[in-house]
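To start, the structure itself, in structure tokens.
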Amino acid sequence: MSTVKVKGMSCQHCVASVTKTLSEVEGITDVQVDLDKGEATFNELSPVDEQIIKDAITKIGFEVVN
Ligand SMILES: [Cu+2]
């Protein structure tokens, strides 16, 4: 499992958006988003370029932070 910090989520709608967007990235499954921690955890069927993940999250108005 991989975990990324996602900045800017404030409610369950944000959680749903991030979950949906990450789930749509090829190779990513089992997305779990924790609003309190501001984290998204997921399984990678094959290694996914971190930039692809960052771009997908940025596109919907949030930010991946390290
Ligand atoms: Cu929200």
Net charge over other residues, Cβ less than 11 angstrom from the Cβ of Met9 (K, R count +1; D, E count -1) = -1
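Counting Lys and Arg as +1 and Asp and Glu as -1, what is the net charge of the other residues whose Cβ lies under 13 Å from the Cβ of Val65? Kindly include the intermediate steps, with their values, before the conclusion.
Numbers: positive: Lys5, Lys7, Lys37, Lys54; negative: Glu39, Glu50, Glu63.
Neighbour charge sum, excluding Val65 itself: +1.
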Quick calc, the range 1-51, dipole around Cα centre from Cβ unit charges on Lys, Arg (+) and Asp, Glu (-), nearest 20 debye, gives 240 debye
Mean separation of Cα pairs under 8 Å and 6+ residues apart, divided by the residue count of the chain: what relative contact order is that in percent?
-> 43 percent
Note, the range 40-56: 3J(HN,Hα) by Karplus (6.51, -1.76, 1.60, θ = phi - 60°), whole Hz, Gly/Pro = x, goes 10, 10, 7, 9, 10, 5, 9, x, 9, 4, 4, 5, 5, 5, 4, 4, 5
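Once the Cβ-Cβ distance between Asn66 and Thr19 is put in as r, and R0 is 22 Å, what FRET efficiency do you end up with, to the nearest 0.05? Kindly include the intermediate steps, with their values, before the conclusion.
Numbers: r = 21 Å, r/R0 = 0.94.
After rounding to 0.05, the efficiency reads 0.60.
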Asp36, Asp30 arranged by Cβ crowding within 10 Å, fewest neighbours leading | Asp36, Asp30
Give me the net charge of Asp30's neighbourhood, meaning all other residues with Cβ under 15 Å from the Cβ of Asp30; Lys, Arg count +1, Asp, Glu -1.
-> -4
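Please say if the chain is rounded, prolate or oblate, where rounded means a/c under 1.5 for a ≥ b ≥ c the square roots of the C-alpha gyration tensor eigenvalues, and otherwise the choice is prolate for a/b larger than b/c and oblate otherwise?
Numbers: a/c = 1.59, a/b = 1.42, b/c = 1.12.
Prolate, since a/c reaches 1.5 and a/b exceeds b/c.
Read-outs: derived from the displayed coordinates by stated rules, not from any lab. Remember, predicted model here, so these are calculated numbers, not experimental data. Quick reminder, even Gly has a Cβ in these numbers, built from the backbone with ideal geometry, and neighbours come from all protein chains shown.
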